[in-house]
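The values are calculated or read from the model by the stated rules, or taken from the named source; none is laboratory data. No experiment lies behind these values; they were computed from the predicted model shown. Ideal geometry is used to build each Cβ from the backbone, glycine not excepted, and the neighbour counts take in all protein chains shown.
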């Protein structure tokens, strides 16, 4: 890695979780960007590092890295180019033999440096591009009649993409050009060499078909999580380093560019406050970040979408137990309530095992599963609740509550004579909390109720404490240790009008919205008589940006509608911190997480399944 003040540092990353320094350049200097050939017996074992001299001029160093514990400076190219935002050396690419370096030189365009005599690197040719040359790449495979390292691709700032024929290295010739929106700051090539990926400081990643270097063709652009600074491409995956002016965070976005006409952002991982990175590399599924004063950070390419199931279904909620998932919502073709039962024993291949419909209501509103995944209870709004046999996808019994059944939860522990999963707690709209005995599923009985202020829209259980959520603002704690006589304890306000709730241990997570934003609140219920809001964060600059939440293992998972799946680190509840943002197939409308997978109710995808990050 390029280093200040060591020039070049070499790290052993054979164990990515414990990288170690092997050596540093024998001559210290200020290194900023670099390129390295292959290493080993018979390989060129050469590195080229760009940097700055103490008096502020651009400089190039050539190093022999055949002994990685002692990289040795063997040659230098001095210049009088001042280093500034648009001047000096910006990026470098090496051919496989280590005898040619292509350098992006900002306002001076493209330089070709002859390294055939590494002790005397020599400027062999140049081209002053019309824009600001920020990034450069060489073709590593043949492209048409062009042999490897005979084409140079330049991210030319406002000048877009420039492609150069390097057959005559003394006179690089402009072969092709493409105007692009924004200021292009970096680029990379896919393994085929036929697609160029460029990033702009205004945000998007653009894919360009460069199979004909004389006529590059724009394919499509896709937004990044912020303004892009660097890109690294490996195979058909691109990693982009971004900075978000609203959240003030630096993130690494991953993109699937296997289809140049439809690139997809698959994940976004916050790596620190802006600025938190200088350089980026992507190799064998690992992203290496030059993290300025924090050294090097290594990230696994986690949170990739592992499966999805798609049909004409608008989901509203879901429940998962064991290898069974129940997703509830509405059929978009008939505007009637629809429920799907899915086998998720193979998370990468969810399979629909059964469906249920109710034509009397437009949608199911909530779902809960017993621990074995054999019985479900679903809420139907004005039609109360159904008890469902999962194996046969059939209705065992029903109960029409007096209010509007917006959500349902099952008792996770034994309560008196009631075994786990035999009590259904219903957030019954303006009629408060309703407790139903479903130990005889064909004949659910109301055993308790509690009038509450506002319209109850969601609830969750922490042992014998029910947390009940009202859309007028507060979350209430209710003692349900005696199901026939639930007792209100106390309420605490959320940031705005609440919509969804999750509980883990003594912590509750509530998502709410006002006319402008969506929020995540963390509420301590350690003392049920004194629930306390301990932390809050804005999760979306949109009132519809939070559609569901789950809380597992110190992480809050937010179904972020069109923003996909967002994961917040809540190990310190007073400071909830965005740790990743992952694109879903469609809009993320509900979420359930367990120790092995994350399930997202998706429209139009129905169910997306993700592997959790580390």
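Only one of the numbered conditions (1) at pLDDT below 95; (2) surrounded by fewer than 22 Cβ atoms within 10 Å (Cβ to Cβ) is not met by residue 599, and that is (2). Between 365, 401, the distinction of being under 15 Å from residue 317 (Cα atoms), assigned by TED's automatic domain parsing to the domain that holds residue 426, crowded, with 20+ Cβ neighbours inside 10 Å and in contact (Cβ under 8 Å) with a residue 24 or more places away in the chain belongs to 365 only. Taking the listed residues 428, 437, 389, the one that is touching a strand residue (DSSP E or B) at 6+ places or on another chain (Cβ under 6 Å) and within 21 Å of residue 320 (Cα to Cα) is 389, with no other qualifying. Restricting 58, 43 to those that are buried (at least 16 other Cβ atoms within 10 Å of the Cβ) and farther than 22 Å from residue 151 by Cα reduces the list to 58. When the range 322-351 is filtered for residues that are under 17 Å from residue 380 (Cα atoms), in contact with a strand residue (DSSP E or B) (Cβ under 6 Å, 6 or more places away or on another chain) and assigned to a loop (DSSP other than H, G, I, E, B), only 332 remains. Among the residues of the range 296-313, are any under 13 Å from the mean Cα position of the chain (by Cα), closer than 30 Å to residue 211 by Cβ, modelled with pLDDT of 75 or more and surrounded by 19 or more Cβ atoms within 10 Å (Cβ to Cβ)? So far as the range 296-313 goes, no, none of its residues is under 13 Å from the mean Cα position of the chain (by Cα), closer than 30 Å to residue 211 by Cβ, modelled with pLDDT of 75 or more and surrounded by 19 or more Cβ atoms within 10 Å (Cβ to Cβ).
Report whether or not residue 546 is part of a loop (DSSP other than H, G, I, E, B), surrounded by fewer than 21 Cβ atoms within 10 Å (Cβ to Cβ) and either over 22 Å from the mean Cα position of the chain (by Cα) or at pLDDT below 95 (or both). Judged against the criteria, residue 546 is not a match. In the range 247-265, the residue that is modelled with the lowest pLDDT out of those that are within 17 Å of the chain's Cα centre (by Cα) and surrounded by fewer than 20 Cβ atoms within 10 Å (Cβ to Cβ) is 247.
Results for (1) surrounded by fewer than 20 Cβ atoms within 10 Å (Cβ to Cβ); (2) more than 32 Å from the chain's Cα centre (by Cα), shown as yes or no for each residue.
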{"position": "459", "(1), (2)": "no, no"}
{"position": "464", "(1), (2)": "yes, yes"}
{"position": "473", "(1), (2)": "yes, no"}
{"position": "493", "(1), (2)": "yes, no"}
{"position": "499", "(1), (2)": "no, no"}
{"position": "509", "(1), (2)": "no, no"}
{"position": "512", "(1), (2)": "no, no"}
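The strands (runs of 3 or more DSSP E) located wholly in the range 73-116 include none with 3 or more residues which are surrounded by fewer than 22 Cβ atoms within 10 Å (Cβ to Cβ). Given the condition closer than 21 Å to residue 548 by Cβ, in a loop (DSSP other than H, G, I, E, B) and modelled with pLDDT of 95 or more, answer yes or no: does some residue in the range 447-467 qualify? Yes, that holds for at least one residue. Taken over the range 140-158, the criterion of being in contact with a strand residue (DSSP E or B) (Cβ under 8 Å, 6 or more places away or on another chain) and more than 18 Å from residue 199 (Cα to Cα) is satisfied by 140, 143, 146, 148, 149, 150, 151.
Of the residues making up the range 523-531, one or more are modelled with pLDDT of 95 or more, in a strand (DSSP E or B) and under 23 Å from residue 366 (Cα atoms).
Within the option set 585, 578, 589, 551, being under 24 Å from residue 352 (Cα atoms), touching a strand residue (DSSP E or B) at 6+ places or on another chain (Cβ under 9 Å) and assigned to a strand (DSSP E or B) holds for one residue only, 589.
Comparison of 586, 564 shows that the only residue that is in the same structural domain as residue 326 (by TED's automatic domain parsing) and either buried (at least 24 other Cβ atoms within 10 Å of the Cβ) or within 13 Å of the chain's Cα centre (by Cα) (or both) is 564. Filtered by the rule that a residue be part of a strand (DSSP E or B) and closer than 23 Å to residue 605 by Cα, the range 352-376 gives 352, 353, 354, 355, 356, 357, 358, 366, 367, 368, 369, 376. Working only within the range 164-184, note down all residues that are buried (at least 24 other Cβ atoms within 10 Å of the Cβ) and either within 22 Å of residue 222 (Cβ to Cβ) or assigned by TED's automatic domain parsing to the domain that holds residue 87 (or both). Once the filter is applied, which keeps residues that are buried (at least 24 other Cβ atoms within 10 Å of the Cβ) and either within 22 Å of residue 222 (Cβ to Cβ) or assigned by TED's automatic domain parsing to the domain that holds residue 87 (or both), the range 164-184 yields only 184.
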